[in-house]
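As structure tokens, the structure follows; a few thoughts come after it.
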Amino acid sequence: MTTHSAELIVDCSKIISNISNLKSLISSESKFMFIVKSNAYGHGLREIIKNLESYVDAFGVVRMEEAILVREATSKPILLMQGIYADHEINIARERNIQVVIHNMNQFKLVGKNDNELGLWIKINTGMNRLGLSQEELKAVYEKGIIKSDSVLMTHMACADNPDDPMNKIQINNFEKAFNLVERQTKRSICNSASLINFPELSFDWVRSGIAAFGGEFKNLNLKTAMTFRAPIISIRNIRKGERVGYGGRKKASKDMRIAIVYAGYADGIPQTTVDGTKVLVNDKQAEIFGRVSMDLVSIDVTNLPQVSENDLVSFWSEELPINEFSNNNGLISYELMTRISSRVKVKVI
């Protein structure tokens, strides 16, 4: 490091390894869509496309701006997963060969019956009750002849991370009903990351994976956290028993202690609500956050690490300290931690 700053190291080899592990679970006939919404889950959209293009079959995003950026970087299929809402978006999708999801009846009004320039994915509400057509709406659309044989019937699983949840069976059955309703004439996509892992038999024509490919969940598959978020120590001080640390003096020393001050805070992406005792790594040894996270600084307890000194790097999450350990300890999800990294953090993609 030439200047003091929090930094994010994105290791594409770990993402490639994760994708390979995920692909090993599914049918060889199933295609792999890599979900890169929200700046590739905070990993850097352009760099991820550049380095991962040859390992996936398509990319998925949720904003037209993202779709345009991806199209500038690749000729692979792109899916705009939450659809189009205006005529100009339809025109952009046609011109740039961007496939779109249709999830409500109003969106069908923007799509001509004989519009063969758009790749359509038809989203069905199978029980999650966010987006998607009802069975009745799907039937009406199918009877109008808008849905083609190259369209993709899709849904989103709400509880697939818990394979025993009865919601899974309900959604799978409802999806099968929808597929029969369109006379089994479309392609199918039901699997997000969790359902890909827990229900690989549902891989069908397309799977759509984001968080698992980035290593944000599912340690049982040996998926690796692909980002290392770290910052240097800029001060070390000794405090006496009974002294308090940080805003609000939330933590009081129960004994004489040695505290390291790390040059990162909630302005960099570390949640202000991070609890005391959250683990970090310094020189491959575990330490704990001690006191409230401020905008620019975090204090950690290094009392039992006498070799720690200024300029040593502290990792908040990495392959060695998976991101879900930080998120689980703080009642968060890894998605949120990945996507909240701020623009002032230095990013390096390797």
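Quick one: would you say GLU72 is over 27 Å from ILE323 (Cα atoms), at pLDDT 90 or above and either open to solvent by 50 Å² or more (accessible area, probe 1.4 Å) or in a loop (DSSP other than H, G, I, E, B) (or both)?
The answer is yes for GLU72.
Give the residues of region 291-315 that are in a loop (DSSP other than H, G, I, E, B) and open to solvent by less than 10 Å² (accessible area, probe 1.4 Å), sorted by residue number.
GLY291, VAL293, VAL302, VAL308
Residues of region 140-172 being over 25 Å from the mean Cα position of the chain (by Cα), within 17 Å of ILE122 (Cα to Cα) and touching a residue at least 40 places away in the same chain (Cβ under 8 Å), which ones?
TYR142
Do we find a residue being among the acidic types (Asp, Glu) and over 26 Å from the mean Cα position of the chain (by Cα) anywhere in region 305-313?
Taking every residue of region 305-313 in turn, at least one turns out to be among the acidic types (Asp, Glu) and over 26 Å from the mean Cα position of the chain (by Cα).
So that you can scan it fast, the table gives a plain yes or no per residue for (1) outside any helix (DSSP H, G or I); (2) of a type outside the set (Asp, Glu):
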{"residue": "LYS177", "(1), (2)": "no, yes"}
{"residue": "GLU183", "(1), (2)": "yes, no"}
{"residue": "ILE190", "(1), (2)": "yes, yes"}
{"residue": "PRO232", "(1), (2)": "yes, yes"}
{"residue": "ILE236", "(1), (2)": "yes, yes"}
{"residue": "SER254", "(1), (2)": "yes, yes"}
{"residue": "ILE261", "(1), (2)": "yes, yes"}
{"residue": "GLY265", "(1), (2)": "yes, yes"}
{"residue": "GLN272", "(1), (2)": "yes, yes"}
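Among the residues of region 19-68, how many are open to solvent by 50 Å² or more (accessible area, probe 1.4 Å) and either aromatic (Phe, Trp, Tyr) or out of contact with any Leu (no Cβ under 6 Å at 6 or more places or on another chain) (or both)?
Residues meeting the conditions: 20.
What tally of residues in region 176-201 results from selecting those that are of a type in the set (A, V, I, L, M, F, W, C), open to solvent by 10 Å² or more (accessible area, probe 1.4 Å) and in contact (Cβ under 8 Å) with a residue 60 or more places away in the chain?
1
The rows are residues; the columns are (1) of a type in the set (D, E, K, R); (2) closer than 20 Å to VAL56 by Cα.
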residue	(1), (2)
GLY215	no, yes
MET227	no, yes
PRO232	no, no
SER235	no, no
ARG240	yes, no
VAL245	no, no
LYS251	yes, no
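Please go through region 325-350 and give me each residue that is assigned to a helix (DSSP H, G or I), more than 20 Å from PHE290 (Cα to Cα) and either open to solvent by 40 Å² or more (accessible area, probe 1.4 Å) or touching a Lys or Arg at 6+ places or on another chain (Cβ under 9 Å) (or both), ordered by number.
TYR335, GLU336, THR339
The values are calculated or read from the model by the stated rules, or taken from the named source; none is laboratory data. Owing to the predicted nature of the structure, the values given are computational and were not obtained by experimental measurement. Cβ atoms come from the backbone with ideal geometry, glycine included; neighbour counts cover every protein chain shown. Ligands, DNA and RNA are excluded from the accessible area calculation, which covers all protein heavy atoms including side chains. Shrake-Rupley method; radii C 1.70, N 1.55, O 1.52, S 1.80 Å.
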